[in-house]
Amino acid sequence: MGIFLFIVILELVRRKKFREELSIIWLVIGICLILSSFADRVIDPLALRLGISYPPALVFILIFFLLVFAMLYFSLVVSDLKSKNKELSQKMALLEYRVSKITQEETSAIKD
Amino acid sequence: MNTYLVLIPAFNESADLKKVLNDVRGNIPQADILVVNDGSTDHTSEIARNAGVMVLDIPYNIGYGGAVQTGFRFATEFVYDYVITIDGDAQHDPVSAKNLIKAMEETGADVVIGSRFLHGDYRMGVARKAGVLLFSKIAQWYTGVQFTDPTSGFQILNRKVFSYLAEENNYPLDYPDANIIMAMHKMKFTVTEAPVTMREKPGGKSMHSGYRPFIYVMRMFLSILMVLLRKEE
C-alpha cells in the first residue's frame, strides 16, 4: 500500500497535477508506510519498551501523528490561500473601479 | 471632494438598497457614497450604479469584514477624512448619522460606534442579548469604557483609524465585534459611542443568524485572547 501511494504521488507530480512542495509531506508518509512493513525488528522491541503489548498499535499511533501533522499543514496552507485570495479580490475591485473610471473619461473625451 | 465617505457593504441587498441610498442622500448630503458589492448574485450592483453612486464589485463573496475593509482601502486611496459605515439592509437609520458626526466633533474621538441600546429599547432574543452583554463586558474590562453595542456596523471612523484597519491583517473577514474595539484601544485610538436608531429587520434575517452562535462565541473568545496576547508593533 505504501509503494502504491508512493508511485501514485510521483506520477501526479510528474504530470504536474501536484505541486512539488506540497507533495513532499505525502511522499514522507508513503516512505513511512513502506518502512513500517519492514520495521518489525525496530517496532516490536520499541513497542515492548514503551509498554505497548500489541506492537502494531505503535504503527497506528505513528501514522495517526503523521496524519494529524499533515492535516495541520494543509489547514495552514488553506488559511494562507484564503487571505491571499481576499487580498486579490479586494485589489481587483479597486483596480476595476479605476479602470472603469478611466474608460469613462476616454469615451467622453472621444465624444467631445 | 467631500471629506465624508458613506460606506455601504452590500451582499444581495437589491430589496432595500434603493431606499438606503435615498435615505443616505437625504440625510448626509455632504457625503460621497460608496457601495461595496460583496459578490452579490442579484441586482445589487446595477441598482447602486443606476442610483449614481460609486460602486466596487468584489468578484465573489468574501464576507462582511472583507467588504468593509475594501471600502477602507478605497477611502485611504482617495484620501477621505471620515468614513461612515452603514449596512445595506435598511436596518440603520441614516438620520442617526448626525449623532455620530456630532459625537465625533464634540468628543474628538477617533471612532464613534452607533449603539441601538443607549436610547430607547430594541428587542432581541435572550441568547443574542446574553452574547452582546458578555462581549461588551469584556471590552469594558479591557478599555475601561462601556460599549453597549459592540457588534454595531453603524460607525464613523477618522482617517487615522480606517487607514490602519485597511492594512492586510488588521481587520477580520467576517464580523468585527468587541475584538476590534479592543484592538483599536490597544493602538491608542479613542473609541466612544453615540445613540442611533435601528429598525428591526422584517424578515428576521440577521447578520449573525447564519452563524451557529456557539462557534461564534468560541471564535470571538479566541480573537479576544489573540488581541491580548499579540505584542504591540
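Assorted remarks:
- Relative contact order for region B:1-87, counting Cα pairs under 8 Å that sit 6 or more residues apart, in percent: 42
- Calculated on C-alpha atoms, the gyration radius of chain B divided by its Kirkwood radius gives an Rg/Rh of 0.93.
- Shielding by partners - mean other protein chain Cβ count within 10 Å, residues of B:66-75: 3
- Entries in A:K111/B:K98; A:K16/A:K82; A:K101/B:K19 that, when Cα-Cα distance is taken, lie over 31 Å: A:K111/B:K98
- Basic side chains Lys and Arg get +1 at the Cβ, acidic Asp and Glu get -1 at the Cβ, and with that the dipole of the protein assembly as shown about its Cα centre reaches some 760 debye.
- B:S14 accessible area, 1.4 Å probe, all protein chains in place, Å² to nearest 10: 40
- Chain pair A, B: total accessible area buried, heavy atoms, 1.4 Å probe, Å²: 1500
- For region B:1-135, the direction-averaged projected area of the alpha-carbon convex hull comes to 9.2 nm².
- Helix A:56-111 and the longest principal axis of the Cα set of chain A meet at an angle near 10°.
- Relative contact order of chain A, pairs being alpha-carbon contacts under 8 Å that are 6 or more residues apart, as %: 18
- The listed residues B:T76, B:T107, B:T44 rank as B:T107, B:T76, B:T44 when sorted by accessible area, largest first, using a 1.4 Å probe.
- Loop sites here are trypsin sites (Lys or Arg not before Pro) outside DSSP states H, G, I, E and B with no more than 11 other Cβ atoms within 10 Å. The longest part of chain A free of them is A:20-112.
- Geometric extent, Cα atoms of the protein assembly as shown - Rg, Dmax (angstrom): 26.0, 90
- At least 40 Å² accessible surface lost relative to isolated chain, residues of region A:76-98 (1.4 Å probe): A:K86, A:E87, A:S89, A:Q90, A:A93, A:L94, A:Y97, A:R98
- For the protein assembly as shown, the share of accessible area belonging to carbon and sulfur comes to 63 percent (1.4 Å probe, ligands and nucleic acids excluded).
- Between the helical axis of A:2-14 and the longest alpha-carbon principal axis of chain A there is an angle of about 20 degrees.
- Under the criterion of Cα pairs below 8 Å and six or more residues apart, the relative contact order for chain B equals 23 percent.
- Karplus-derived 3J(HN,Hα), 6.51/-1.76/1.60, for each residue of region B:16-21, Hz, glycine and proline x: 10, 4, 4, 4, 4, 5
- Comparing A:Q90, A:S37, A:L67 along the charge dipole axis of region A:1-104, the residue lying farthest to the positive side is A:Q90, per the Cβ-charge model.
The values are calculated or read from the model by the stated rules, or taken from the named source; none is laboratory data. Source: prediction; values computed, not measured. Glycine also receives a Cβ, built like all others from the backbone with ideal geometry; neighbour counts cover every protein chain displayed. The area values use the complete protein model at the heavy-atom level, side chains included, leaving out ligands, DNA and RNA. Shrake-Rupley method; radii C 1.70, N 1.55, O 1.52, S 1.80 Å.
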